[in-house]
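All of the numbers you see were taken from the coordinates with simple rules; none came from a lab. Please read all numbers here as calculations on a predicted model, not as lab measurements. We place every Cβ from the backbone using ideal geometry, glycine too, and count neighbours over all the protein chains shown.
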Amino acid sequence: MRILNIMKNNYICNCDRPNFENSYSYWEDRNSTTDEKDIINYLINNFNLVNKNILHIGIGNSLFAQMIIKKNFIYGISVSSNEVIKGKNLNLDNYKVFLCDKFSTNFCDLFYNKKFDVIVDNNIKSYSCCKISYNYFIDNLFKMLNHKGILITSRKGMNWYKNIVPKLSFSLKRLFHYKLKEINGNSENIMSIDEAKFISSKYSLNLKFDEKICFFEK
Ligand SMILES: C[S@@+](CC[C@H](N)C(=O)[O-])C[C@H]1O[C@@H](n2cnc3c(N)ncnc32)[C@H](O)[C@@H]1O
């Protein structure tokens, strides 16, 4: 039985990439990264997160939603169908998850009439295929922020860069299945603080950062 509504991803660049409409495992059974835990702690300690519209890019095991949901509304996306299934199976009120590549035009279509108070992406640039799709993503991302809304990321995530490719794997639980594996990425996908400063000035945002997190405020 198919439980995901899957649409074909479209792109403005011609880069080779996995077909993310296929069924892939990735981070659904792994522990949350310390990057994400830093963001969760920062949000909990510094923001009054009540009745907020939140977008989580890269839901992983959905710990973020479980810790932050309370009276907030969270949309989450991932390129791993198994992460999305896990998120759906939590049956959290106000948590909607989608299989969607943030670098695709589908991402903009999915959220074209939505505005967020908080957008969380601990790997803004880490997996980008090329400048064309990355710039397209960033342009649209900031349009999705409400006035005073923030896009928050992790300093560790800013320094991380990988490509992900499907690999046939075997486990007793899942037998033969496809998993997204990380392989060497492009070091140009490191986001420096200077680049963050450039972005904040280009989009007229306030930039704030410490040793763990970095955020842009509209
Ligand atoms: C390393 S995992 C981290 C999961 C979780 N954010 C954490 O920190 O524990 C990377 C996450 O980013 C998602 N991801 C990678 N590339 C993506 C893309 N192009 N669009 C949307 N999500 C993407 C993956 O599906 C996965 O959920």
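With one equal scatterer per alpha carbon and no solvent term, the Debye-computed log10 I(q)/I(0) for the stretch 131-209 at 0.15 1/Å reads -0.70. Normalised by residue number, the volume inside the convex hull of the Cα atoms of the stretch 75-187 is 127 Å³ per residue.
In summary, the convex hull built on the alpha carbon positions of the chain has an orientation-averaged projected area of 11.8 nm². With Cα atoms as the point set, the stretch 1-71 shows a radius of gyration and Dmax of 15.8, 43 Å.
Residue order for E21, E36, E28, fewest other beta carbons within 10 angstrom first, comes to E21, E28, E36.
Cα centroid separation, the stretch 129-185 to the stretch 63-128: 12 Å.
Relative contact order for the stretch 34-217: what percent, with Cα pairs under 8 Å and sequence separation of 6 or more?
In percent, rounded to a whole number, it is 19.
Could you tell me which of the pairs K52/K86; K96/K208; K125/K212; K8/K71 are separated by over 27 angstrom between their Cα atoms in the structure shown? Listed pairs above 27 Å: K96/K208; K8/K71. Residue pairs exceeding 18 angstrom between C-alpha atoms, taken from K102/K162; K37/K156; K131/K167: K131/K167.
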